[in-house]
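The values are calculated or read from the model by the stated rules, or taken from the named source; none is laboratory data. From a predicted model like this one, the values you see are computed outputs, not experimental measurements. Methodologically, a virtual Cβ is constructed for each residue, glycine included, from the backbone with ideal geometry; neighbour enumeration extends over all protein chains shown.
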Amino acid sequence: MNTSTVQGDLACWQLLDWRFLLPGADLGRVAVGKSVPLRLRAALVESGHHVGELADSEATRLDTVVLSDSSHQEIQDARARLRPGGGLYLQVRRRPLGAERRALECKWSAWSALLHDCGFEAVSAYWSWPGLDRQLSVAPISSAPAARTVLERRGWTLRGRIKVRLVRLAWTLGAGPLTAREGFIVARRPEQPR
């Protein structure tokens, strides 16, 4: 077996680790938003899922919707198209300093509040280490011990060890979510209408 194929397959499945945090074992009918990265779209297809575009699925009830840095309108569209009990996966990325930032960008509590306001429940935010494109570990944003454990499990260069200590200190002081540059939020459409 080719080593690069195995590593490629592993990378594909790591991009989909979030699926275990959604309701149900199968993603079912999946639609993606317009900003979802090509690698994630490809990983969904390679894992055997039929993937459509959220904008093209108006008449279809979906089991899972995948979004990335979405607008309020796209989140509302996702909720409208999800079946009751369906799951939402929303990637959140922090832009580099100097880039124009949207008001909600990487403010985990603001994203969570927006999802609640749009009618979602079971909203949970997760930090992707080291990032969404090369996700090796996932920790709940609300759990400083989990985040510190993620940071302690890696072999580091001197520069990396210094960075890890600073990030660990931030988590200890309660400012850890500010260091979470990339992550995701999962949520569920309620079974019963509100």
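What the table below lists for this structure:
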quantity: Candidates Arg181, Arg189, filtered to the one that is crowded, with 19+ Cβ neighbours inside 10 Å and basic (Lys, Arg); calculated: Arg189
quantity: Every pair of residues 6+ apart whose Cβ atoms lie under 6 Å, when the first sits in segment 23-52 and is farther than 18 Å from Pro84 by Cβ while the second is of a type in the set (Gly, Ala, Ser) and in a strand (DSSP E or B); calculated: Ser35/Ser68; Val36/Ser68; Gly52/Ala31
quantity: Residue within segment 126-137 that is surrounded by fewer than 14 Cβ atoms within 10 Å (Cβ to Cβ) and touching a residue at least 60 places away in the same chain (Cβ under 8 Å) present; calculated: yes
quantity: Some residue of segment 144-154 being within 22 Å of Gln91 (Cα to Cα), aliphatic (A, V, I, L, M) and in contact (Cβ under 8 Å) with a residue 24 or more places away in the chain; calculated: yes
quantity: Helices (runs of 4 or more DSSP H) wholly inside segment 28-135 that include at least 3 residues being closer than 30 Å to Lys163 by Cβ and modelled with pLDDT of 90 or more; calculated: 38-46
quantity: Residue count, segment 137-176 (criterion: farther than 22 Å from Trp108 by Cβ, in a helix (DSSP H, G or I) and hydroxyl-bearing (Ser, Thr, Tyr)); calculated: 0
quantity: When residues of segment 1-27 are limited to those that are of a type outside the set (Asp, Glu), closer than 30 Å to Phe120 by Cα and assigned to a loop (DSSP other than H, G, I, E, B), the one modelled with the lowest pLDDT; calculated: Ala25
